[in-house]
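Participant: One structure coming up, written as structure tokens, with questions to follow.
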Amino acid sequence: MTSATTRTTAARTTAACAPPAAQPSVHVRALLTWIAVFGALTAVQLLIGPYVEGLPMLLRTLVITGIVVPAVVYALMPNLLRLRGAVRRRIALPGTEPVQQDRTP
């Protein structure tokens with residue numbers, strides 16, 4: 001076995017043994033989703049609002065949600081959740097117990 005193979009195997013073993021990341025509560029997820037949707041809708045309205053202004057309301061809504069929903073689901077929410085995790089890890093002081101998992105009812 002080469003040293004690169006050994007390192008790869010060790011990394012896989014370490015990753016497999018790592019505890020699962022704490023999931024935010026339903027309330028925190030709702031807040032993060034609201035922040036992402038509000039920001040995305042505001043930005044899209046400002047950017048393409050003048051171009052879809054003459055369209056019927058349902059078509060305008062279809063175009064805007066067609067842009068906002070994928071942006072929120074695939075870009076904004078994963079990054080907000082990753083940022084939340086980084087902040088929680090940074091706040092945890094060395095030598096203290098790890099941050100407990102949020103419980104959903």
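The values are calculated or read from the model by the stated rules, or taken from the named source; none is laboratory data. As the structure is a prediction and not an experimental result, all values here were calculated from the model. Reconstructed Cβ throughout: ideal geometry from the backbone, glycine too, with neighbour counts over all protein chains shown. Each accessible area value is taken on the protein alone, full model and side chains, heavy atoms only, with ligands, DNA and RNA left out. Shrake-Rupley method; radii C 1.70, N 1.55, O 1.52, S 1.80 Å.
Participant: How far apart, in nm, are the 7 Å Cα→Cβ label points at residue 67 and residue 31?
Facilitator: Roughly 2.9 nm, to one decimal.
Participant: In what order, largest first, do 32, 58 sit by accessible area if the probe radius is 1.4 Å?
Facilitator: Values: 32 25, 58 135 Å².
Ranked list, largest accessible area first: 58, 32.
Participant: Multiply the residue separation of residue 91 and residue 38 by 0.36 nm, subtract the distance between their alpha-carbon atoms, and state the gained length in nm to one decimal. All intermediate terms of the calculation are to be shown ahead of the outcome.
Facilitator: Details: separation 53, 0.36 × 53 = 19.08 nm, distance 2.67 nm.
Stretched out fully, the residue 91 to residue 38 stretch lengthens by 16.4 nm.
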